[in-house]
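Below is one structure, written out as structure tokens; comments come after it.
The values are calculated or read from the model by the stated rules, or taken from the named source; none is laboratory data. In this text, all values refer to a predicted model and were calculated from it rather than measured experimentally. So basically every Cβ, Gly included, is an ideal-geometry build from the backbone, and we count neighbours across all protein chains shown. Remember, those area values only see protein heavy atoms, side chains included, never the ligands or the DNA or RNA. Shrake-Rupley method; radii C 1.70, N 1.55, O 1.52, S 1.80 Å.
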Amino acid sequence: MNEKDKPTVLLEYYLKKLKLPTMLKVYVSVAVSCQQDRCDFQTYLLRLAERELLDREKRAAERRIKAADFPVIKTIDTFDFKAQPSINEALIRELLRCEYIDKKQNVLLIGNPGTGKTHLACALAFASCAKGYKARFYTATSLVTELLECREERRLQRLQKQLQRLHLLVIDEMGYIPFSKAGAELLFEIISRAYEHHSLMLTSNLPFEQWTQVFGSERLTGALLDRLTHNCHILEANGQSYRLRQAKKQSKAHKSKT
Ligand code: ADP
Ligand code: MG
């Protein structure tokens, strides 16, 4: 095996020190392709810098997606808009551009179970991570549980600060389980703090009129809806459950075979 010469050893050491792992990996192969293309040295450096930057952005997006803690990775290309015509596709396409996050607007997805609310919330938050925004996914129950636990262990402020650093906080499944008084108040505080500071995305199977059932207090629900719905996009999905329809289709296909 050939010993590496001193400049090569030093170069590789410096690239490592400077945290340029992609340049380190590709500087030889890019040099070969540049030689073939008869590029000048600026083009060589440019190609190297581009590769490093692209990889760095990709790694950062992957980190943001991991930190968002999605229950499953769902993207918009697997969402069948024809199967759910009640969803405003144009609005979803607009939201994928994430301007609502810059404007600190909220998104509410309301509709029957199985209509794709969680899928859409994940896809929208995923798109925001890819664009450089920090998002975090919670179900309402998991967020309330975490808030209560943190309060008990005197870590509430730390969690509140963490949540405030986000660009987008997703709270899925509001309305499935009613909260305790303490839980409702903690969640109310999170929503109040988010107001005009960062975006919230909420999904619920309950129409607004029934949210009092979840939060207990009418006064709290009123104040909460006031903050949430000011400056917000509302998406309604009132079609049939996608899962139910798929299951029906499958059973029909099965019956016609037998
Ligand atoms: P919800 O949150 O409204 O109860 P989900 O988003 O959990 O519904 O959807 C249930 C399942 O059906 C998920 O696996 C989801 O990916 C799928 N699904 C729902 N609607 C669609 C759709 N229009 N196109 C593709 N998959 C869908
Ligand atoms: Mg759901």
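Relative to the longest principal axis of the Cα atoms of the chain, the long axis of helix 242-257 makes an angle of roughly 90 degrees. Computed from point charges on the beta carbon alone (+1 for Lys and Arg, -1 for Asp and Glu), the dipole magnitude for the stretch 6-60 about its Cα centre is near 280 Debye. Only the Cβ atoms of Lys and Arg (+1) and of Asp and Glu (-1) were treated as charged; on that basis the dipole of the chain about its Cα centre amounts to roughly 640 debye. Cβ-Cβ distance of Q157 and A182, R₀ of 25 Å, FRET efficiency by 1/(1 + (r/R0)^6): the value works out to about 0.95. Accessible surface area normalised per residue over the stretch 1-91 is 78 Å², counting heavy atoms of protein chains with a 1.4 Å rolling probe. Positive end of the dipole of the chain (Cβ unit charges, origin at the Cα centre): among L108, A140, S192, the Cα lying farthest that way belongs to A140. When the Gaussian network model of the chain links Cα atoms closer than 10 Å, the mean-square fluctuations of D172, D77, D102 top out at D77. If you average the sequence gap of Cα pairs under 8 Å that are 6 or more apart and divide by the length of the stretch 111-258, what percent do you get for the contact order? Normalised by residue count, the contact order of the stretch 111-258 is 32 percent.
Put the Cα centre of the stretch 65-81 next to the Cα centre of the stretch 119-173 and the gap is 15 Å. Summing Lys and Arg as +1 and Asp and Glu as -1 over all other residues whose Cβ lies under 13 Å from the Cβ of L235 gives a net charge of -1. The angle between the Cα long axis of helix 21-36 and the main principal axis of the chain comes to about 50°, on a 0 to 90 degree scale. Under 22 Å of direct C-alpha separation, and excluding same-chain neighbours fewer than eight residues apart, K131 reaches these lysines: K58, K66, K74, K103, K104, K117.
All other residues whose Cβ lies under 12 angstrom from that of E57 are scored, Lys and Arg at +1 and Asp and Glu at -1, for a net of +3. Counting only DSSP H runs of at least 4 residues, each contributing -39500 (n - 2.57), and dividing by the residue count of the chain, the helix-based mean residue ellipticity at 222 nm comes to -18000 deg cm²/dmol. Within the shell of other residues whose beta carbon sits under 14 angstrom from the beta carbon of R219, the net charge comes to -1, with Lys and Arg scored +1 and Asp and Glu -1.
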